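Engineer: First the structure, which I've put down as structure tokens, then a few questions once you've had a look.
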Amino acid sequence: MLKLGVLASGRGSNLQSIIDAVEAGEIEAEVKVVISDNENAQALERATKHQIEAQYVGPEDYSTSNGFEQAIIDQLERYDVELVILAGFMKLLSPYFIKYYQNRIMNIHPSLLPAFKGLHAQQQALDYGVKVAGCTVHFVDQGMDTGPIILQAVVPVKEDDTEDSLATRILEEEHKVYPEAVKLYAEDKLEIEGRKVIIKR
Ligand code: GAR
């Protein structure tokens, strides 16, 4: 059974959607450990509630970011994690980390990439005046929000949308596409060819 490790910095609603899909038997995988760089992350509470190992790794406890990342890798190794899931993890990972788990790290981003990378993607979409927004699940490469795209979902932008209302509408889709992408990976249906992810149906 595929062993998952989830990195999350905050609320953890995407983590929850994956836990729920695993518990419902929709994904042949096991969430072995949840790691957060934020001691108070709700994600850690969610893990504990589901009898999943919850580990806080505090960046301030390490003098270098390499040391901090190594501590995360050590935890992931300890649980033999095969696929690393970034679920609202707000720290950029170094090329070393990304190479270590090459093609084995997924991220979700609340925009239709390659538009609106980085922070406040939903506000960026509103400011730009796009008529549709959405979310993207992708493999992580060394750029920020640039890796090969696995799945995307589209939502309409309404004229009276605020950052919050749009984020809420996008989040509903995030909770569907992220478990779906993990399921496809667990079933060995994802093949990376350059920038493209081929889904073997
Ligand atoms: C989600 O909207 C996710 O797409 C976004 O943070 C939120 C985390 O929510 N991630 C990024 O912006 C990454 N650049 P959650 O903690 O409830 O899953």
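The values are calculated or read from the model by the stated rules, or taken from the named source; none is laboratory data. The structure presented is a predicted model; accordingly, all values stated were derived computationally and were not measured. In this analysis, Cβ positions are derived from the backbone assuming ideal geometry, glycine residues included, and neighbour counts consider all displayed protein chains.
Engineer: Does Asp74 fit the bill of being surrounded by fewer than 20 Cβ atoms within 10 Å (Cβ to Cβ), more than 24 Å from Leu151 (Cα to Cα) and in contact (Cβ under 8 Å) with a residue 60 or more places away in the chain? Talk me through it step by step, then tell me what you get.
Structural biologist: Numbers: surrounded by fewer than 20 Cβ atoms within 10 Å (Cβ to Cβ): yes; more than 24 Å from Leu151 (Cα to Cα): yes; in contact (Cβ under 8 Å) with a residue 60 or more places away in the chain: no.
For Asp74, the condition - surrounded by fewer than 20 Cβ atoms within 10 Å (Cβ to Cβ), more than 24 Å from Leu151 (Cα to Cα) and in contact (Cβ under 8 Å) with a residue 60 or more places away in the chain - is not met.
Engineer: Let me ask another. Mind telling me which of the residues Ala133, Ala115, Ala121 ends up being within 11 Å of the ligand (Cβ to nearest atom) and either without any contact (Cβ under 8 Å) to a residue 40 or more places away in the chain or within 30 Å of Lys3 (Cβ to Cβ) (or both)? I'd like the intermediate steps shown before the answer.
Structural biologist: Details: Ala133 fails: within 11 Å of the ligand (Cβ to nearest atom); Ala115 fails: within 11 Å of the ligand (Cβ to nearest atom).
Testing whether each residue is within 11 Å of the ligand (Cβ to nearest atom) and either without any contact (Cβ under 8 Å) to a residue 40 or more places away in the chain or within 30 Å of Lys3 (Cβ to Cβ) (or both) leaves just Ala121.
Engineer: Now, a different point. Please work out which residue is modelled with the highest pLDDT, limiting yourself to the range 84-112 and to residues that are more than 10 Å from the ligand (Cβ to nearest atom) and more than 17 Å from Gly5 (Cα to Cα).
Structural biologist: Only one residue fits best here, namely Leu112.
Engineer: Here is a further query. Any residue in the range 188-198 that is under 21 Å from Asn14 (Cα atoms) and modelled with pLDDT of 95 or more? Even if it seems obvious, please write down each step before you answer.
Structural biologist: Kept after step one, since they are under 21 Å from Asn14 (Cα atoms), are these residues of the range 188-198: 190.
Pick out the ones that are also modelled with pLDDT of 95 or more and you get 190.
Yes, there is a match, as at least one residue in the range 188-198 is under 21 Å from Asn14 (Cα atoms) and modelled with pLDDT of 95 or more.
Engineer: Which residues, taken from the range 1-11, are surrounded by fewer than 24 Cβ atoms within 10 Å (Cβ to Cβ) and closer than 17 Å to Glu30 by Cα? Don't jump to the end; show me each part of the working.
Structural biologist: Taking the range 1-11 and keeping what is surrounded by fewer than 24 Cβ atoms within 10 Å (Cβ to Cβ), we get 1-3, 9-11.
Across the range 1-11, the qualifying residues are Met1, Leu2, Lys3.
Engineer: Oh, and also: Given the options Leu93, Leu119, name the one that is surrounded by fewer than 20 Cβ atoms within 10 Å (Cβ to Cβ), more than 12 Å from the chain's Cα centre (by Cα) and within 16 Å of Ser9 (Cα to Cα).
Structural biologist: Numbers: Leu93 fails: surrounded by fewer than 20 Cβ atoms within 10 Å (Cβ to Cβ).
The match here is Leu119.
Engineer: Any idea how many residues of the range 14-39 are in contact with a Phe, Trp or Tyr (Cβ under 9 Å, 6 or more places away or on another chain) and exposed (fewer than 15 other Cβ atoms within 10 Å of the Cβ)?
Structural biologist: So the count comes out to 1.
Per-residue answers, yes or no, for (1) under 17 Å from the mean Cα position of the chain (by Cα); (2) among the charged types (D, E, K, R):
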site: Val140; (1), (2): yes, no
site: Gly147; (1), (2): yes, no
site: Val155; (1), (2): no, no
site: Lys158; (1), (2): no, yes
site: Asp161; (1), (2): no, yes
site: Glu193; (1), (2): no, yes
